[in-house]
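Trainee: The following block contains the structure, expressed as structure tokens.
Please treat every number below as a calculation from the coordinates, not as lab data. Quick caveat, the model's predicted, so the values are computed rather than measured. Note that each Cβ is placed from the backbone with ideal geometry, even for glycine, and that neighbours are counted across all protein chains shown.
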């Protein structure tokens, strides 16, 4: 068998609202970060991120973060695409502190990978329902950039 190949699908810039701290326990803290808009740019998938969703994070004491986002995209031609994106982010303590302070940090200095699930009821985008994707990310001060790749 051949190993899987990747084909770029799109870049998502998800704009973020003010994080809401939800408490802590068992060596972790929970926070929710609203997703309030953004853009989607790609040859086969483009449009806007709707002001509808959030990232429910579990941040462990060592800085390792489990990411669980749910939001929606409106495509350039009017379809709605639901996004569920699970991932992890970790790196050196000093790098994570810079990210938490709102600095733009070279994404090569930390690990941020996701496995998005895209779903649409629109017939033009049914192929999303049957495709596996992976993503790589970068946290910016007020947004997140996610490059999404189709697994071939």
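Trainee: Looking at the chain as a GNM with Cα springs under 10 Å, which of 31, 113, 44 has the largest mean-square fluctuation?
Mentor: Per the Cα network of the chain with a 10 Å cutoff, 44 tops the list.
Trainee: Related question: Rounded to the nearest 5, what is the percent of antiparallel bridges among the DSSP beta bridges in the chain?
Mentor: 100
Trainee: In nm, what is the difference between 0.36 nm times the number of residues separating residue 93 and residue 43 and their Cα-Cα distance?
Mentor: Full extension from residue 93 to residue 43 adds 14.3 nm.
Trainee: Please give the length that would be gained between residue 28 and residue 100 if that part of the chain were fully extended, namely 0.36 nm times their separation in residues minus their C-alpha to C-alpha distance (nm, one decimal).
Mentor: 24.4 nm
Trainee: Relative to the present Cα-Cα distance, how much length would full extension add between residue 126 and residue 76 at 0.36 nm per residue of separation?
Mentor: The residue 126-residue 76 span can extend by a further 16.4 nm.
Trainee: What is the percent of Cα-Cα separations in the chain that go past 21 Å? Before the final figure, lay out each step's value.
Mentor: On the way: 5026 of 11476 pairs.
Pairs farther apart than 21 Å: 44 percent.
Trainee: Label-point separation (nm) for residue 51 and residue 1, each offset 7 Å from Cα along Cα-to-Cβ?
Mentor: Placing both labels 7 Å along Cα→Cβ, they lie 4.6 nm apart.
Trainee: In nm, to one decimal, how far is the modelled label at residue 58 from the one at residue 20, with both set 7 Å along Cα→Cβ?
Mentor: 2.0
Trainee: Quickly estimate the mean residue ellipticity at 222 nm for the chain, helices only: each DSSP H run with n ≥ 4 gives -39500 (n - 2.57), and the total goes over all residues, rounded to 500.
Mentor: Estimated from H runs of four or more residues: -1500 deg cm²/dmol.
Trainee: Please give the Cα centre distance for segment 1-53 versus segment 118-146, rounded to the nearest Å.
Mentor: Each part's Cα centre sits 8 Å from the other's.
Trainee: Sticking with this structure for a sec: For the chain, with a Gaussian network of springs between Cα atoms less than 10 Å apart, report the residue from 109, 96, 45 with the top mean-square fluctuation.
Mentor: 109
Trainee: Still on this structure, I have one more. What FRET efficiency comes out for residue 111 versus residue 11 if R0 is 22 angstrom and r is the Cβ-Cβ distance? Round to the nearest 0.05.
Mentor: E between residue 111 and residue 11, to the nearest 0.05, is 0.75.
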